[in-house]
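The values are calculated or read from the model by the stated rules, or taken from the named source; none is laboratory data. Just so you know, these numbers come straight off a predicted model, no measurement behind them. As a convention, Cβ positions derive from the backbone with ideal geometry for all residues, glycine included, and neighbour counts pool all protein chains shown. With ligands, DNA and RNA removed, areas are computed over all heavy atoms of the protein, side chains included. Shrake-Rupley method; radii C 1.70, N 1.55, O 1.52, S 1.80 Å.
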Amino acid sequence: MFASFMTNAWLSGTVVALLAGAVGFFVVVRGASFAAHAIPNGAFAGAAGAYLVGMNPLVGLVSFALLSALGIGVTSRRVRNDVATALSLVAMLALGAAFLSASLIYEPTINALLFGEILGVSSAQLWPVLVLGALSVLALGWLYRPLVYTSVAPELARARGVNATLVDVLFLAVVALATALTVPVVGALLTFSLMIGPPAAARVLVARPGLAIALSVALSVLTVWVSIAASYTFNLPIGFFVGVLGASLYLAARVFARRRVSDSVTYRA
Amino acid sequence: MTSQLHEASQPLLEVRGATVNIDGRDILRDVNFSINHGEFTGLIGSNGAGKTTLFRVILGLQRQVTGSVLVHGEPITRANRSIGYVPQKVLFDPDLPIRARDLVALGADGHRYGLSRRPRALHAAVDEMLDAVDAGSFADRRVGGLSGGEQQRVLVAHALISRPELLLLDEPLANLDPGSVEEIIALLHRVSQRQRVAILLSAHEMNPLLPVMDRVVYVANGHVASGTTDEVVRPSVLSALYGHHVDVLRVHGRVLVVATALPVGPAPSDQHPEFVVE
Ligand SMILES: Nc1ncnc2c1ncn2[C@@H]1O[C@H](COP(=O)(O)OP(=O)(O)OP(=O)(O)O)[C@@H](O)[C@H]1O
Ligand SMILES: [Mg+2]
């Protein structure tokens, strides 16, 4: 599994994991999980559309992910946020279905897009992935404090002069970028679990925001590494392992945190 | 109907002819009052009177508003550092990985973009603010896990850290037991004197505030009357404000505002005090 053709898998997998762990922290804290579920479906439709017209799939992934994020951002000013997200989700799923049936995509390619593929990023695409990944991390760092502030108490942030709407739109754009890079590796259906599992576990384990992000990133990288190795060994889609590990991490963290609380209660008694 | 003391020096905050009209309905109509440096002002009114709306006007967050709000004689801008705000309700998820001290620090730099190390002075200021509101003992616990009264203190520390000259508190006494009400009022009074910050605090009930209140801004029917308690809490002023006769009773150091009789004729609007406004 460390053969040279696997180098890209490890590299792109690690970049994706770093990104998903950091972006996912804010997804969880802002309660934007549903958007993180909808946007990958937009990315999927984009990839299918790119195959249809014979374009680079990465272009389709990025543009459609951004489009669904923008759609959610704009519509949620009119209707409730979850309704806006659901509308974007169904629109993108419908588009994806249309693109798929119109083009003659090879079935394993569809499977890879949905459930992930360890060789999902070819050497030709490694550079764009690295550049877009670095861009997303920089954007996240730049947004860091207003993002935490608007996540924790939007009303307080607004009173302090933060443009909460702008922060929200920029954040959705970062989610879209991160998603577009994650989908080819983990798959459209399970990108969501990488963005939710590790950060949800991290946030119940530690109380400090900076530390929680670091732990979320570490858990996410661990999840992806183990998933790549397991996928290689058992020849099952990588998304399967990412999903199972993400959910298990969260459950384990919950049990651990509860035990810690009951311990401290016993000590005090 | 507005009675105001005319001060020689410029007031800290001045609201002039503010009217808020939402969907054709005047929530507040031609509101005028001012607040001086270091004063403790009570903003009194019943549910739906427009207290929260008035705070949003002062903060520059309210849409559909005409008139002007001046701080130091200048029109307000958003992100005014000289005004601190403690909203009526802030919901914190108990799982949120934010400690009380993290929230207070955000009050100082949460609006800044870019990553930079927090200066040591900021950590010291956070500790100082937490101590000022007696929140030191739960500074390292998650905000979402704190009790309502504890969160209230942390929110006051959060508002104070930008060293405001005016602190707006929207019903900080709701959901507190009578003992805690006295405690928080004493604490706010102490903070306002030590840090020279003026306080505008909204409440349904003015009695707990009587010992510390310099002035009162009374809201009813979309109108406001302001001045010292003695100037405002009088049958003539409040009757004009409510649009029908009310009596003011003073018993055992408490003030009761009582509607003498239900108005005859058209059905009473929901703004009318049916019985006791306190
Ligand atoms: N965005 C809005 N759209 C429509 N009506 C509004 C809006 N905001 C406030 N109002 C109305 O303005 C009136 C005043 O509301 P406000 O929240 O300021 O009252 P309040 O004095 O703070 O009441 P409470 O003591 O219950 O907090 C209410 O009748 C309310 O329904
Ligand atoms: Mg209110």
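Worth a mention:
- A search for C-beta distances below 9 Å between a residue of the range B:168-187 that is closer than 28 Å to B:R81 by Cα and open to solvent by 40 Å² or more (accessible area, probe 1.4 Å) and any residue that is acidic (D, E) and in a loop (DSSP other than H, G, I, E, B), counting only pairs 6+ apart in sequence or on different chains, returns B:E183/B:D134.
- Take the conditions (1) in contact (Cβ under 8 Å) with a residue 24 or more places away in the chain; (2) more than 16 Å from ligand 1 (Cβ to nearest atom); (3) on the phi < 0 side of the Ramachandran plot; (4) of a type outside the set (F, W, Y); B:R163 misses just one of them, which is (3).
- Residue in the range B:26-37 that is away from ligand 2 (no atom under 13 Å from the Cβ), aromatic (F, W, Y) and within 25 Å of B:V126 (Cα to Cα) present: no
- Scanning the range B:206-235 for residues that are among the hydroxyl-bearing types (S, T, Y) and either assigned to a helix (DSSP H, G or I) or open to solvent by less than 10 Å² (accessible area, probe 1.4 Å) (or both) turns up B:Y218, B:S226, B:T229.
- A count restricted to the range A:16-71 and to residues that are of a type in the set (S, T, N, Q) and outside any helix (DSSP H, G or I) stands at 1.
- Extreme residue, farthest from ligand 2 (Cβ to nearest atom), among residues of the range B:188-205 that are under 14 Å from B:D134 (Cβ atoms) and open to solvent by less than 10 Å² (accessible area, probe 1.4 Å): B:V191
- Check on B:Q62, surrounded by fewer than 16 Cβ atoms within 10 Å (Cβ to Cβ), within 16 Å of ligand 2 (Cβ to nearest atom) and either farther than 27 Å from B:R142 by Cβ or under 19 Å from the mean Cα position of the chain (by Cα) (or both): no
- Checklist (1) more than 14 Å from chain B (Cβ to nearest Cβ); (2) of a type outside the set (D, E, K, R); (3) under 30 Å from B:V104 (Cα atoms) applied to A:A180, failing item: (3)
- Pairs where the first residue, in the range B:46-67, is within 14 Å of chain A (Cβ to nearest Cβ) and the second is in a helix (DSSP H, G or I) and more than 9 Å from ligand 1 (Cβ to nearest atom), C-beta under 7 Å, 6+ apart: B:L59/A:A159; B:L61/A:R158; B:L61/A:A159
For every residue, the table says whether it meets (1) on the phi < 0 side of the Ramachandran plot; (2) not basic (K, R).
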{"residue": "A:V27", "(1), (2)": "yes, yes"}
{"residue": "A:G31", "(1), (2)": "no, yes"}
{"residue": "A:A38", "(1), (2)": "yes, yes"}
{"residue": "A:N41", "(1), (2)": "yes, yes"}
{"residue": "A:G49", "(1), (2)": "yes, yes"}
{"residue": "A:L58", "(1), (2)": "yes, yes"}
{"residue": "A:A69", "(1), (2)": "yes, yes"}
{"residue": "A:R77", "(1), (2)": "yes, no"}
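Yes or no, residue by residue, for (1) open to solvent by less than 50 Å² (accessible area, probe 1.4 Å); (2) in contact (Cβ under 8 Å) with a residue 12 or more places away in the chain; (3) assigned to a loop (DSSP other than H, G, I, E, B); (4) within 19 Å of A:R145 (Cα to Cα):
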site: B:R112; (1), (2), (3), (4): no, no, yes, yes
site: B:L115; (1), (2), (3), (4): no, no, yes, yes
site: B:A121; (1), (2), (3), (4): no, no, no, yes
site: B:V126; (1), (2), (3), (4): yes, yes, no, yes
site: B:D131; (1), (2), (3), (4): no, no, no, no
site: B:G149; (1), (2), (3), (4): yes, yes, no, no
site: B:R153; (1), (2), (3), (4): yes, yes, no, no
site: B:A157; (1), (2), (3), (4): yes, yes, no, yes
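- Residue satisfying all of: in the range B:67-101; touching a Pro at 6+ places or on another chain (Cβ under 8 Å), buried (at least 19 other Cβ atoms within 10 Å of the Cβ) and more than 14 Å from B:H158 (Cα to Cα); modelled with the highest pLDDT among these: B:P97
- If you filter the range A:77-121 down to residues that are in a loop (DSSP other than H, G, I, E, B) and under 20 Å from the mean Cα position of the chain (by Cα), you find that the one that is surrounded by the most Cβ atoms within 10 Å (Cβ to Cβ) is A:G116.
- Residue in the range B:92-99 that is at the interface with chain A (Cβ under 9 Å from one of its Cβ atoms) and within 24 Å of the chain's Cα centre (by Cα) present: yes
- Here B:G42 passes the criteria (1) away from ligand 2 (no atom under 16 Å from the Cβ); (2) at pLDDT 95 or above except the one numbered (1).
- Residue match in the range B:81-93 (condition: of a type outside the set (K, R), more than 16 Å from ligand 1 (Cβ to nearest atom) and within 30 Å of A:A201 (Cβ to Cβ)): yes
- Here B:I22 clears all of (1) surrounded by fewer than 21 Cβ atoms within 10 Å (Cβ to Cβ); (2) within 12 Å of another protein chain (Cβ to nearest Cβ); (3) within 16 Å of ligand 2 (Cβ to nearest atom) except the condition numbered (2).
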